[in-house]
Amino acid sequence: MKKLLFLVLTLVVALTLTACNSNNDTNDISQQESSRDTSKQEPGSGRDLVKFPEDYDEGVLFTTVTRGDTYEEVYTSQEAIEAVQDGQPIPSDTVITLKIFKDEELYRYFVMEKRDGWGAQYPSDMRNGEWEYNAFTADGAVAYEEDIGRCFTCHANQERDDYVNKFDEMKNYELKDLTGSKNSSAESRFIGFSTKNWEVKEVGDHPEVIEDKEKEGMIQNVLLTFYFHQGKS
Ligand code: HEC
């Protein structure tokens, strides 16, 4: 029995020593790296540049993700979505907010923000273009326990899509516009104002019921366009 205990102890000590050793190894490597170029900083050291996005929900909620007990909402600006849809680079000053819920409770805000010149202090093979990242708790305080270096490593896989995972969702999102095209149905939105509460009767047969000539013309135009739209769909 004693012999077995001794064996186990030896094993534990041996394992601990190995673990310490490999720790030292990685320390050595990072020391070497930083002594190679002292002007460069660790990705994530600029996290405080990214502030809590107070007005994130004035932007566009362009996609959601449900995975197990996690639910996420992704917000960004209309301008960023338009740029992606036009094949342009995501503009400087863009903020993308990932709002994360766990078991239906708000857990974190993960935020990425892009600005002209950001990221230049990082080694070129580690920076994510001009993006910086930060993480916030449910009440908007910085979640310092989140390792921002990891955001860089993982999002680097999306370099082709400007470091954004949900890039295709930005590209395919149907922005609501006021011209009545694409997304808005003729019933709910029509050349910029709602037609829901309008009732127009027998305009074609009895135009004289409308006194105001200008209004008459306008309504006929609307009806004509409406007619063409219906014919198209
Ligand atoms: C292991 C890989 C991984 C890590 C680490 C990671 N992300 Fe992401 N991130 C993703 C994926 C995948 C998505 C797409 C949403 C999803 O599938 O949950 C995403 C989405 C996002 C989005 C929405 C824009 C987009 O890329 O689609 C933001 C903002 C974001 N992450 C910020 C962060 C921040 C801040 C951190 C670090 C605190 C971080 N991420 C760490 C993989 C990662």
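The values are calculated or read from the model by the stated rules, or taken from the named source; none is laboratory data. Just so it is clear, the structure is predicted and the values come from calculations on it, not from any experiment. Note that each Cβ is placed from the backbone with ideal geometry, even for glycine, and that neighbours are counted across all protein chains shown. Side chains included, ligands, DNA and RNA excluded: accessible areas come from the protein's heavy atoms. Shrake-Rupley method; radii C 1.70, N 1.55, O 1.52, S 1.80 Å.
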Q) Only one of (1) open to solvent by less than 90 Å² (accessible area, probe 1.4 Å); (2) modelled with pLDDT of 95 or more is not met by GLN88, so which one is it? A) (1)
Q: Quick one: in region 91-119, of everything that is among the hydroxyl-bearing types (Ser, Thr, Tyr) and surrounded by fewer than 19 Cβ atoms within 10 Å (Cβ to Cβ), which residue is nearest to the chain's Cα centre (by Cα)?
A: SER92
Q.
Under 9 Å between Cβ atoms, which residue pairs at least 6 apart in sequence (or on different chains) link something in region 153-168 that is touching a residue at least 12 places away in the same chain (Cβ under 8 Å) with a partner that is in a loop (DSSP other than H, G, I, E, B) and near the ligand (Cβ under 9 Å from one of its atoms)?
A. HIS155/TYR163; HIS155/VAL164; HIS155/ASN165; ALA156/TYR163
Q. How many residues are free of Cβ contacts under 8 Å to residues at least 40 places away in the same chain, within 12 Å of the ligand (Cβ to nearest atom) and open to solvent by 40 Å² or more (accessible area, probe 1.4 Å) when one looks only at region 120-145?
A. 2
**Q.** Of all residues in region 146-181 being at pLDDT below 95 and hydroxyl-bearing (Ser, Thr, Tyr), the one that is nearest to the ligand (Cβ to nearest atom)
**A.** SER181
Q.
Being at positive phi and not acidic (Asp, Glu) is true for just one of GLY149, GLY129. Which residue is that?
A. GLY129
Q) In region 56-76, how many residues are outside any strand (DSSP E or B) and in contact with a strand residue (DSSP E or B) (Cβ under 7 Å, 6 or more places away or on another chain)? A) 4
